[in-house]
Amino acid sequence: MRLQDKTAIITGGASGFGQGIAERFANEGANTVIVDLDLEKAQTVADAIIKSGGSALAIECDVTSNSSVKTMVSKTLKKFGQLDILVNNAGMPQINQPMLDVDEETFDSIFSTNVKSIYLTALHAIPAMPATGGTIINTASTAALRPRPGLTWYNGSKGAVTTLTKSMAIELAPKNIRVNALCPVAGNTPMLGAFMGGEVTDDMEEKFRATIPLGRLSTPQDMATAALFFASDEACFLTGVCLEVDGGRCI
């Protein structure tokens, strides 16, 4: 098992990519902390992991709140005594629409969830990581690398994630903390409808799939496999990498 006896926090872990990552990490031996605003859903994921023989803890957390993030890390340390891996996966989409139609409250929410959360988790998680080092994985997006109209502010928030990833990697290298990012193309997650501007129809999904050379959307399993590699010792010489998990979308 590649993550045996490691403890991993996955924000946004109750559904979509986060759930896939949490389940894969647990299967690889990690103590998995499923963090989400929806505690009931997080607990459902944790219960399933425990039932299958894994180790898990569900925590309710607002990743835009300093005190909430602090409590999340404290609960993790109280339960498992250590923190080795942080996956900053919680995110907020933007409804596909003209940039000037996005109100200020929505803009603030997008940047608080997608960008400020990385600052807050860094404040509390990095000091909790062992002297031997740790791993941080940020969920960015192909939107940061190949932006398209209708998602301008979301694109910008994910562009910030890729820049933060590289800068954090440089600054934290002396502590042996590796920082990498995943850049997924859209997948069949609760966010898909927002990216497509409303309810997802077969026709809309088919048109989007046609823009992906490998001909399909991403899956939680795709993201989990990439995240597992970054978290494992196999990636011990990789830091500051923003990996396109996109079926060729960014080519």
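Restricting to the stretch 94-111, and then to whatever is in contact (Cβ under 8 Å) with a residue 12 or more places away in the chain, more than 21 Å from N180 (Cα to Cα) and not β-branched (V, I, T), can you tell me which residue is surrounded by the fewest Cβ atoms within 10 Å (Cβ to Cβ)?
So the residue we want is P98.
Taking the condition in contact with a helix residue (DSSP H, G or I) (Cβ under 9 Å, 6 or more places away or on another chain), part of a strand (DSSP E or B), crowded, with 20+ Cβ neighbours inside 10 Å and not aromatic (F, W, Y), does N114 pass?
It is false that N114 is in contact with a helix residue (DSSP H, G or I) (Cβ under 9 Å, 6 or more places away or on another chain), part of a strand (DSSP E or B), crowded, with 20+ Cβ neighbours inside 10 Å and not aromatic (F, W, Y).
Give the residue, chosen from V33, V69, that is of a type outside the set (G, A, S), within 17 Å of the chain's Cα centre (by Cα) and within 16 Å of L3 (Cα to Cα).
Going through V33, V69 in turn, the sole match is V33.
Please find, within the stretch 61-85, the residue that is farthest from I126 (Cα to Cα) out of those that are touching a strand residue (DSSP E or B) at 6+ places or on another chain (Cβ under 7 Å) and surrounded by fewer than 23 Cβ atoms within 10 Å (Cβ to Cβ).
Once the filter is applied, the top-ranked residue is K79.
Answer yes or no: is there a residue in the stretch 62-80 that is part of a helix (DSSP H, G or I) and touching a Lys or Arg at 6+ places or on another chain (Cβ under 9 Å).
no
Residues in the stretch 133-168 that are crowded, with 17+ Cβ neighbours inside 10 Å, touching a residue at least 60 places away in the same chain (Cβ under 8 Å) and outside any helix (DSSP H, G or I): how many?
Looking only at that region, the number is 5.
Looking at the stretch 219-240, I want the residues that are farther than 18 Å from L172 by Cβ and without any contact (Cβ under 8 Å) to a residue 12 or more places away in the chain and have a partner that is of a type in the set (K, R) and surrounded by fewer than 20 Cβ atoms within 10 Å (Cβ to Cβ) with Cβ atoms under 9 Å, at least 6 apart or on another chain. Which pairs are those?
Listed pairs, sorted by first residue: F229/R2.
Does any residue of the stretch 228-235 turn out to be over 21 Å from G20 (Cα atoms) and surrounded by fewer than 20 Cβ atoms within 10 Å (Cβ to Cβ)?
no
How many residues are in a helix (DSSP H, G or I), more than 18 Å from the chain's Cα centre (by Cα) and not small (G, A, S) when one looks only at the stretch 117-132?
Going through the stretch 117-132 one residue at a time, the tally reaches 1.
Residue by residue through the stretch 5-36, note down the ones that are surrounded by fewer than 24 Cβ atoms within 10 Å (Cβ to Cβ) and without any contact (Cβ under 8 Å) to a residue 40 or more places away in the chain.
Across the stretch 5-36, the qualifying residues are D5, N27, G29.
Of all residues in the stretch 169-179, how many are in a helix (DSSP H, G or I) and either of a type in the set (S, T, N, Q) or free of Cβ contacts under 8 Å to residues at least 40 places away in the same chain (or both)?
2
Do we find that L83 is closer than 20 Å to L192 by Cβ, of a type in the set (A, V, I, L, M, F, W, C) and at pLDDT 95 or above in this structure?
Here the answer is no, as L83 does not meet what is asked.
For (1) modelled with pLDDT of 95 or more; (2) aromatic (F, W, Y); (3) under 19 Å from V33 (Cα atoms), each residue gets a yes or a no:
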site: M92; (1), (2), (3): yes, no, no
site: F107; (1), (2), (3): yes, yes, no
site: F111; (1), (2), (3): yes, yes, no
site: A125; (1), (2), (3): yes, no, yes
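Take the conditions of a type in the set (V, I, T), part of a loop (DSSP other than H, G, I, E, B) and over 15 Å from the mean Cα position of the chain (by Cα) and apply them to I212. Does it pass?
yes
The values are calculated or read from the model by the stated rules, or taken from the named source; none is laboratory data. The shown structure was predicted, so the numbers you read here are calculated from the model rather than taken from an experiment. Ideal geometry is used to build each Cβ from the backbone, glycine not excepted, and the neighbour counts take in all protein chains shown.
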